[in-house]
Amino acid sequence: KNMEEIAKISIDEYERRPDGSWVCIKNSDITTKSNWVIRVSPGVIFQKNRRLFGLNVADALDKISGN
């Protein structure tokens, strides 16, 4: 199965939590490589190794942040 991949996500719209998860802190649009846009609202938490619509958001943010 082909997994969707993140093309664009703004790290300024997320905050890393001590447990390694990420929380959305302002309205955020995640754009996928197939130009699918997912609107994320503040307060949504992304755990490590959990997927949203096939996207590993925490992993993508970790890569951008250098963690």
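The values are calculated or read from the model by the stated rules, or taken from the named source; none is laboratory data. Everything quoted here is computed from the prediction, not taken from an experiment. Glycine gets a Cβ as well: all are built from the backbone with ideal geometry, and neighbour counts include every protein chain shown. Ligands, DNA and RNA are stripped out before the accessible areas are found, and what is left, the full protein with its side chains, is counted by its heavy atoms. Shrake-Rupley method; radii C 1.70, N 1.55, O 1.52, S 1.80 Å.
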Exercise. For the range 1-30, which residues satisfy the criterion of being part of a strand (DSSP E or B) and either open to solvent by 80 Å² or more (accessible area, probe 1.4 Å) or basic (Lys, Arg) (or both)?
Worked result: Lys8, Glu15, Arg16
For this session: Return a yes/no flag: does the range 17-34 have any residue that is more than 17 Å from Glu5 (Cβ to Cβ) and in contact with a Cys (Cβ under 6 Å, 6 or more places away or on another chain).
Result: no
Exercise. So which pairs qualify, if the first residue must be in the range 1-24 and on the phi > 0 side of the Ramachandran plot, the second must be of a type outside the set (A, V, I, L, M) and at pLDDT below 95, the Cβ gap must be under 7 Å, and the two must be at least 6 apart or on different chains?
Worked result: Gly20/Lys48
Exercise. When the range 31-67 is examined, which residues are found to be small (Gly, Ala, Ser), farther than 13 Å from Lys8 by Cβ and not in a helix (DSSP H, G or I)?
Worked result: Ser41, Gly43, Gly54, Gly66
For this session: Report, by residue number, each residue of the range 1-50 that is over 13 Å from Asp62 (Cα atoms) and in contact with a Gly (Cβ under 6 Å, 6 or more places away or on another chain).
Result: Met3, Glu4
